[in-house]
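Encoded as structure tokens, the structure appears first; notes follow it.
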Amino acid sequence: MKYRESWELPSIPNEVFWPEVGRRRNEIASGGRPKTLRDCEYCGQQYSAREMRKHKPLCPKGPNKKTKKGK
Ligand SMILES: [Zn+2]
């Protein structure tokens, strides 16, 4: 099925929508779908995309570490 941009949540019939909601809740309850893990380019640790966004500024080997002293 092709993705249509006009496809909106309210247009989904309940008999399709709610089983899908249940399915996704089960997925989440059972640990969620397999995450795509990526290696941090700085420290080599694996993180999911979302975790990576949080991790990068905090990465101990990253370039974002503030090296300036003082202030
Ligand atoms: Zn890192």
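Remarks
- Placed amide H near ARG38: partners under 5 Å, 5+ positions off or other chain: TYR47, SER48
- At full extension, GLU51 and ARG38 could sit 3.7 nm farther apart than now, given 0.36 nm per residue minus the alpha carbon distance.
- In terms of the mean number of neighbouring beta-carbon atoms within 10 Å, the peptides 8-15, 40-47 order highest first as 40-47, 8-15.
FYI, it's all coordinate maths here, none of it is from the lab. Fair warning: this is a prediction, and the values are worked out from it, not measured in the lab. Heads up, the Cβs are rebuilt from the backbone with ideal geometry, glycines too, and the neighbour counts pull from every protein chain shown.
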